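Single-structure report; data block below.
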Amino acid sequence: MPPAMHNSVTMSARAQGDGDGVRIVPAALVAALADASGSGDDYLAACALLQVWSDLQLLAEGSGQPDPVRRRARAATARAAQAAFDAACGRPLAPARSARAGIVLRGRLDAWQDMLERALMVPMPECCGYDLGDTAVCLDDAVRFARGLPRGRRVVVVGIRGGGAFLAPRWAAGLARASGRAPPWVTLRPLGAASLRGGYHPFELDAVRRLCVAQPDTPDIVIVDDQPDTGGTVDLLAQALKPWADRIWAASIGKVSLWHGPGRWTRVQERAVLAPRPRPALWQLLREEDRPAFLSVLCEALPQAADGAAGVSIRCPSLERRYGRETAWLPWNDPALSHHRRRLINPRKTPLLVTGDDGRPLLHLRFIGEGAFGAAEFRRVQALAAAQGEAWFLDGYRIAAHQPGLRPLSGILAEADAVSRRTWLARCAALLRDSRDRPLARVGECAGDLRVGERAGAVLASLRARIGGVLPPPPSWLPALRLPVFAGSREPVRGALTHAFGDWHWQARPDGTLRRFHLEANWGGVSWPELDAASFLLAHRLGPEALEAMIAGGALEASRRDSIALSMPVAAWLWLDGCRRDLRQISPDGAALWREDLSSLWSVLSQYTDLIFSSPALKGSAHE
């Protein structure tokens, strides 16, 4: 998830007769995951539903929703937890009491807007994305762990959301298998607020306390989460839970450690994080010596698509090629990375190109997520008009047939005369319109600040420290700029602009058909249609006259003009943040080019000054 685009927020919407409020239907948010699940394997979808309801329950409690709303959230979370446990045990899931059961949130949401965005996006867990592992391994981890405990010792399982929501049910099922008794378990969301004990909300900590004191003897607690980075998150929670536990353990897939105190752990179990598979996955075959096996697997799985495949290479991402040293990332299992303390199975950083025996490109492979998360996102993107073309999903990769003759749209627009330029802009507007996702929620009036100026300033400071030299200054009004939440949009959607923000993501075929690439949003965040349009304009350095041409073409509604203008500074911030996050190393020539690009970005953004400050959303505010 990108940083939340908000500070203090009041949201209201009208939906299906519910009056003011935001109505969320969690089952609808995970429906695509359920559809993409393998035959009889509903586990990931069940855990995703548990995560959504758990976050909404916390949101309802923390934001002071009325008692009926909190009771509904608690009941739905309990049902979702039972369904996830049943799925972990291999039991068929009982029909949901109501697949359309929802919750309506009213009043001030304040600091809970980030939680709402998490719930809407249903973020992919690390074990499916950039720290791959099989959750089924946790079943055996728990069984082995239970065998080493004194007879009759009680255990409470505490999962840290998000990743822990996908591992805790497996651990509970494994302990139940070993002891014949289902253990109490719950999940918590770290909030990071210094004013909260251990960074967790009292409502969720109290749930752990009640589970512990209900046991006949002081129990052990097993904290379950993704593989830790620094270990700080687990360490803080362990300190908060210490009064209610005899011993505290931390577990991730394939690993169990005993806590001795702040910063002190002893590893007691360790095994492979991957379960045996019928064949190696493509991402297990990325090293040079494994390339023949890679091609063999690919050709066997996709014989028509991979016909004639003779070579495979790791590509350098476009951002790195433009500003960096044009060196591709090493595969995750390269021996040169063996010294890393936290070694991740992360194929995301290594896009692949498959070529024929004559060296011509055949296929492009980009890792978008394993299992149901990857399959669901693949289906979503394939349904968008911008992504039409032959593509397949295998081992977490979106595999797309090479499209010959593509030309960067930026070059076409630069060379076009006035008439052709308007034609191309109309096509772009139509593609943006036809590629809109179904809104995750309908949002009405929002009172609150998106402090985009502060956020852009913080990212600039980080980039300045890395790049060095004097950076072109932003428009004078940007540092203090505050915008309405979602820049006044009413349609939050899944978005990929955290990484798909460059002009190179827009290409044209020889027949004039437009293509937009890298729309998969499993590593994205909440966006909105107007922000997509603003990002397009900014990436191609197009001023307000281009926006007016797109509106005049009929595909872009004039009613969106204000929100698009207000979204321009957000698009600039996303561009900066994407550079900060995805650029490993910047060459001297790349640094000079980056400064030039930043200067042109500020120049275009300045052209929207009048449109931004003439928006009714800023009238009467401190922005004027």
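The values are calculated or read from the model by the stated rules, or taken from the named source; none is laboratory data. What you see is a predicted model, and the numbers here were worked out from it, not measured in a lab. Please note: Cβ atoms are built from the backbone with ideal geometry, for glycine as well, and neighbour counts cover all protein chains shown. Heavy atoms of the whole protein, side chains included, go into the accessibility calculation; ligands, DNA and RNA do not. Shrake-Rupley method; radii C 1.70, N 1.55, O 1.52, S 1.80 Å.
Listing for the model above:
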item: Residue-count net charge about Asp67 - beta-carbon cut-off 12 Å; Lys, Arg +1, Asp, Glu -1; result: +3
item: Charge-dipole axis of the chain as Lys and Arg at +1 and Asp and Glu at -1 on Cβ define it, positive-most pick from Leu601, Pro243, Pro475; result: Pro243
item: Portion, in percent, of the accessible area of the chain that falls on carbon or sulfur, probe 1.4 Å; result: 50 percent
item: Val268-Ser606 pseudo-label distance in nm [points 7 Å out on the Cα-to-Cβ vector]; result: 6.4 nm
item: Amide H contacts under 5 Å for Tyr200, placed H, 5+ residues apart; result: Leu191
item: For region 65-177: Kirkwood Rh in Å [reciprocal of mean 1/r, alpha carbons]; result: 16.4 Å
item: Where the chain is the region considered: accessible area per residue in Å², 1.4 Å probe; result: 41 Å²
item: Around Pro479: net Lys/Arg minus Asp/Glu count, Cβ-Cβ under 13 Å; result: +2
item: Student exercise, the chain dipole from Lys, Arg, Asp, Glu Cβ charges, in Debye to nearest 20; result: 1560 debye
item: HN-Hα J in Hz across region 138-146 - Karplus 6.51, -1.76, 1.60, θ = phi - 60°, x for Gly and Pro; result: 5, 4, 5, 4, 5, 4, 4, 4, 4
item: Dipole-positive endmost among Val143, Leu353, Ala418 within the chain (Cβ charges, Cα centre); result: Val143
item: Residue-averaged [θ]222 nm for the chain, counting only DSSP H segments that reach four residues, each worth -39500 (n - 2.57); result: -12500 deg cm²/dmol
item: Cleavage-rule hits, trypsin sites (Lys or Arg not before Pro), region 201-276, DSSP coil, Cβ neighbours within 10 Å at most 16; result: Arg247, Arg271
item: Cα pair distances of the chain binned at 10 Å [whole percent]; result: 3, 15, 24, 27, 20, 9, 2, 0, 0
item: Considering only the chain, percent of DSSP beta bridges that pair antiparallel, nearest 5; result: 75 percent
item: Nonlocal amide H pairs with Leu394, under 5 Å, H built at 1.01 Å; result: Ile399
